[in-house]
Amino acid sequence: MAGLALDRANPDVGLLYDINGLAVDAPGWLDRVMEFVGEYGIMLGLVVVGLWAWWSVRKGEDAVVSVAGLVWAPLAAGIALLINIPIRGFVERPRPFLDHKGLDVLVAGKTDYSFVSDHATMAMAIGVGLFVANRKFGLAAIGFAVAEGFCRVYMGVHYPTDVIGGFALGTAVVLLLAPLAMMLLTPLVAAISRSQTVGWLVRSKGSVAAAAASAQAAAAGASAAVPGPRAEENVRNDLAA
C-alpha cells in the first residue's frame, strides 16, 4: 500500500489510477465496448468524418484548397507516426502496467514503449488536419481525438502524459509542415479537378457546372463590353456628321 500511495503522489500516475479506476468499477460489457472504441472505433469514426468532410467541401467554391487540406490530414498523421519511432526508442518508457500494480488492463499483449501514444498522435493529427481544411468537421474530429486519448488511459495502456505528448506531436507536424504541404498539394489537386475522368474527386458535378456557367457568363460580359468593328464604324460616322 505504501508503494501505491507513493505512485499516487505523482500527478501523472495519480490521474492514470483515477481514470483507469473507472474501468475497475465498470461492468464487463462496458469495458469491452471501451476496448473496441479505444482500439478501432474512434479511428473508424475519424475515417467517416473525413469522408463526410470530403463529400461536403467538394460543393464549395474553395473546393481545391479544402480537398488539398483533407489530403494533408492523413499524410501528416503518417509522418507523425514515423517521427514517433525514434522518440519512443530514445525515451524508452515502459507501459504503465509494467511499473504500477492494480491497473485494469483491457488490452493484453502491448510490449512496445509507451511514450508517446501512437493512437493519440494519429487521431489528433487527423483532427487538426481536418480543422485546417474545414473548421466544422475539424472540431468534430478533434473531439474524437480527445476521446481517443481518454480511452487509452482508461484501458490502462498509456499514461496521461503519453496522450498529451501524442496530441502535441500530431498538432505540431500538421501545423509546422502545412505551408509546404499545401504548396505542393494544391497544384496537384487543382490539376485533378480539371480532369474529365477524376475531377469529381475534387469538385462535385453541380459545382463544376456552376463554375462553367460563371466562366461563360464572365466571357460573355467581357465580349459585350468590347466594341466590335461595326460599332466603331458607327461612332466614326456619327463624329463625321
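Could you check, for the range 130-141, whether at least one of its residues is under 17 Å from the mean Cα position of the chain (by Cα), modelled with pLDDT of 90 or more and over 30 Å from Arg58 (Cα atoms)?
Filtering the range 130-141 down to residues under 17 Å from the mean Cα position of the chain (by Cα) leaves 130-141.
Add one more test, that the residue is modelled with pLDDT of 90 or more, and what stays is 130-141.
Retained after the next criterion (residues that are over 30 Å from Arg58 (Cα atoms)): none.
No, the range 130-141 has no match at all.
Sort out for me the helices (runs of 4 or more DSSP H) sitting completely within the range 56-145 that have 1 or more residues that are open to solvent by less than 20 Å² (accessible area, probe 1.4 Å) and touching a Lys or Arg at 6+ places or on another chain (Cβ under 7 Å).
Answer list for the range 56-145: 63-91, 118-133.
A search for C-beta distances below 8 Å between a residue of the range 58-86 that is of a type in the set (Asp, Glu) and any residue that is part of a helix (DSSP H, G or I), counting only pairs 6+ apart in sequence or on different chains, returns Glu61/Ser207. Within the range 6-26, the presence of at least one residue that is within 17 Å of Asp162 (Cα to Cα), in contact with a Ser or Thr (Cβ under 8 Å, 6 or more places away or on another chain) and assigned to a helix (DSSP H, G or I) is confirmed.
Scanning the range 190-199 for residues that are touching a helix residue (DSSP H, G or I) at 6+ places or on another chain (Cβ under 8 Å) and open to solvent by 10 Å² or more (accessible area, probe 1.4 Å) returns Ala190, Ile192, Ser193, Val198. State whether the residues of the range 29-40 include one that is open to solvent by 90 Å² or more (accessible area, probe 1.4 Å) and either outside any helix (DSSP H, G or I) or more than 26 Å from Pro74 (Cα to Cα) (or both). There is at least one residue in the range 29-40 that is open to solvent by 90 Å² or more (accessible area, probe 1.4 Å) and either outside any helix (DSSP H, G or I) or more than 26 Å from Pro74 (Cα to Cα) (or both). Of the set (1) part of a helix (DSSP H, G or I); (2) surrounded by fewer than 21 Cβ atoms within 10 Å (Cβ to Cβ); (3) modelled with pLDDT under 95, all apply to Ile164 but (3).
The values are calculated or read from the model by the stated rules, or taken from the named source; none is laboratory data. These figures come from a predicted structure and were not determined experimentally. All Cβ positions, glycine included, derive from the backbone under ideal geometry; neighbour counts span all protein chains shown. Protein only, heavy atoms only, side chains kept; ligands, DNA and RNA dropped before computing areas. Shrake-Rupley method; radii C 1.70, N 1.55, O 1.52, S 1.80 Å.
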